[in-house]
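The values are calculated or read from the model by the stated rules, or taken from the named source; none is laboratory data. Here the structure is a predicted model, which means the values were calculated and not measured. Glycine gets a Cβ as well: all are built from the backbone with ideal geometry, and neighbour counts include every protein chain shown.
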Amino acid sequence: MMATRAEELQRLPGAGEHVLRGSGDTRWRLLPFLGPAFIACVAYVDPGNFATNIAGGSKFGFTLVWVIVASNLMAMLIQTLSAKLGIATGRNLPEVCREQFSPRTTVGLWIQAEVIAMATDLAEFLGAAVGIKLLLGIPLFPAAVITGVITFLILGLQRFGFRPLEAVITAFVIVIGVCYLGELWFAHPPLGTVARHAVVPDFAGNESVLLAVGILGATVMPHVIYLHSALTQRRIVPRNDQEARKLYRYTRIDVLIAMAIAGLINIAMLVVAATVFYGSGLRHVDSLDGAHRTLEPILGGASSVLFALALTASGLSSSTVGTMSGQVVMQGFVRRRIPLFVRRAVTMIPAFVVIAIGVDPSRTLVISQVVLSFGIPFALIPLVLFTSNQEIMGVLVNRRATVAAATVVAGLITAVNIFLLAQTFGLAG
């Protein structure tokens, strides 16, 4: 898996390389480049997003739709930079960190990244288990067992190459999107009002400001920044600067499409909650079980089934992606790796412990978001620094406008997450 750049250049060209060299089928020239961003975008529609968007819609109606729009635009920029780093260097973000930083710093970054990856995977695994529980009407523990079996099967697709895994993850994203299209159909939201709140910043008191900060703080997932750079580092290998620029242009399209879909799904989550819960006077629906129970009497059984199916697809896909990210983190930072199935088995243990001792899954999702906040600066700041360094990036180095935008976004998201942590521990009012 740790092939050198020279070895990659000597391998037989695939469909993507043929397109870069002008010899591919021009009718379908975009298809070979689609996939990595769809895997990355799963992190933006994970069970944590379900909880945040449901709370935002039920408490404040359509007021915070614009926050999701702004957050998604930031996510597009960040994921583009991550993908570009892999293309330009042939290495992922943890590998570049190992090369640029001291051994002590690298080990420290690895330890915090492992903690973040495990906390994220715990929440996503639990989210999938809750979805299966709601979908099948079974207890949470057997639902977790089913979740583990399915994620093992999905990870097993990697032995057949990257395409089957990308196809399955993309299918999960499509399932989530279709489910929420169905929810919108049942809910009949006022589209004109939604459109206005998508572009007009507004708040509804101090509590809405805090929730907006929470939505923004959940925008960037450190583990998927690491992963996206790994997904592009050796997938399609350009031979020269011209091909690198061309590959980057196609990659931006991949990011734009995938992240736009993720953004629309997040908006749909909030809009459905605003229409159904806020519109019915139910202002405190802030758990996954509560949302599922409340949807059925208001919109009917089909709506609650769609919700459970979307949550299941979200949890299964994001849990799989979280396991892949953990492998990239270990291999990149410390040049060690354990079998992917062993990592999956180990990271399942905390979820089963949480279920066995009866901890509320929704509460666990909230705690995981707090832990996640610790890791954001350690992934985001090095990403901006490296992609702005011409010695590292060559012709794909960030332009001045990109450097400015990325610096502002990194500073804003880091500040937001520091504020969230301070508030969580009672240091901020």
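Results, tabulated for the structure shown:
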{"quantity": "Every residue from segment 254-307 that is hydroxyl-bearing (Ser, Thr, Tyr), in contact (Cβ under 8 Å) with a residue 40 or more places away in the chain and assigned to a helix (DSSP H, G or I)", "calculated": "275, 278, 303, 304"}
{"quantity": "Subset tally (residues that are among the hydroxyl-bearing types (Ser, Thr, Tyr) and within 23 Å of residue 332 (Cα to Cα)) for segment 233-262", "calculated": "2"}
{"quantity": "Which listed residue, of 211, 231, is closer than 13 Å to residue 64 by Cβ and not charged (D, E, K, R)", "calculated": "211"}
{"quantity": "Single condition residue 113 does not satisfy, out of (1) surrounded by fewer than 24 Cβ atoms within 10 Å (Cβ to Cβ); (2) in a helix (DSSP H, G or I); (3) out of contact with any Ser or Thr (no Cβ under 7 Å at 6 or more places or on another chain)", "calculated": "(1)"}
{"quantity": "Failed item, numbered, when residue 210 is tested on (1) over 23 Å from the mean Cα position of the chain (by Cα); (2) part of a helix (DSSP H, G or I)", "calculated": "(1)"}
{"quantity": "Segment 71-82 residues that are modelled with pLDDT under 95, paired with ones that are not in a helix (DSSP H, G or I) (beta carbon under 7 Å, 6 or more apart)", "calculated": "71/219; 74/219; 75/219; 75/220; 78/220"}
{"quantity": "Restricting segment 346-359 to residues that are free of Cβ contacts under 8 Å to residues at least 12 places away in the same chain and on the phi < 0 side of the Ramachandran plot, the residue that is surrounded by the fewest Cβ atoms within 10 Å (Cβ to Cβ)", "calculated": "357"}
{"quantity": "Matching option when the condition is touching a residue at least 12 places away in the same chain (Cβ under 8 Å), of a type in the set (S, T, N, Q) and out of contact with any Lys or Arg (no Cβ under 8 Å at 6 or more places or on another chain), among 151, 120", "calculated": "120"}
{"quantity": "Unmet requirement for residue 337, which otherwise passes all of (1) in contact (Cβ under 8 Å) with a residue 12 or more places away in the chain; (2) in a helix (DSSP H, G or I)", "calculated": "(2)"}
{"quantity": "Check on residue 325, farther than 29 Å from residue 190 by Cα, modelled with pLDDT of 90 or more, assigned to a helix (DSSP H, G or I) and among the polar types (S, T, N, Q)", "calculated": "no"}
{"quantity": "Qualifying residue in segment 224-241 (condition: of a type in the set (Lys, Arg) and part of a helix (DSSP H, G or I))", "calculated": "no"}
{"quantity": "In segment 154-167, the residues that are in contact with a helix residue (DSSP H, G or I) (Cβ under 7 Å, 6 or more places away or on another chain) and without any contact (Cβ under 8 Å) to a residue 12 or more places away in the chain", "calculated": "157, 164"}
{"quantity": "Search result, residues across segment 347-368 that are small (Gly, Ala, Ser) and part of a helix (DSSP H, G or I)", "calculated": "351, 356, 362, 368"}
{"quantity": "Residue check for residue 204: surrounded by fewer than 23 Cβ atoms within 10 Å (Cβ to Cβ) and either over 30 Å from residue 30 (Cα atoms) or modelled with pLDDT under 90 (or both)", "calculated": "yes"}
{"quantity": "Residue 271 farther than 12 Å from residue 60 by Cα and surrounded by 20 or more Cβ atoms within 10 Å (Cβ to Cβ)", "calculated": "no"}
{"quantity": "Residue 367 buried (at least 21 other Cβ atoms within 10 Å of the Cβ), modelled with pLDDT under 85 and closer than 27 Å to residue 287 by Cβ", "calculated": "no"}
{"quantity": "Failed item in (1) more than 30 Å from residue 14 (Cα to Cα); (2) assigned to a loop (DSSP other than H, G, I, E, B), with residue 142 passing the rest", "calculated": "(2)"}
{"quantity": "Condition check for residue 214: on the phi > 0 side of the Ramachandran plot and at pLDDT below 90", "calculated": "no"}
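Conditions tested, residue by residue: (1) farther than 17 Å from residue 308 by Cβ; (2) modelled with pLDDT under 90; (3) surrounded by fewer than 18 Cβ atoms within 10 Å (Cβ to Cβ).
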site: 144; (1), (2), (3): no, no, no
site: 152; (1), (2), (3): yes, yes, yes
site: 156; (1), (2), (3): yes, yes, yes
site: 161; (1), (2), (3): yes, yes, yes
site: 164; (1), (2), (3): yes, yes, yes
site: 167; (1), (2), (3): yes, yes, yes
site: 188; (1), (2), (3): yes, no, yes
site: 194; (1), (2), (3): yes, no, no
site: 199; (1), (2), (3): yes, no, yes
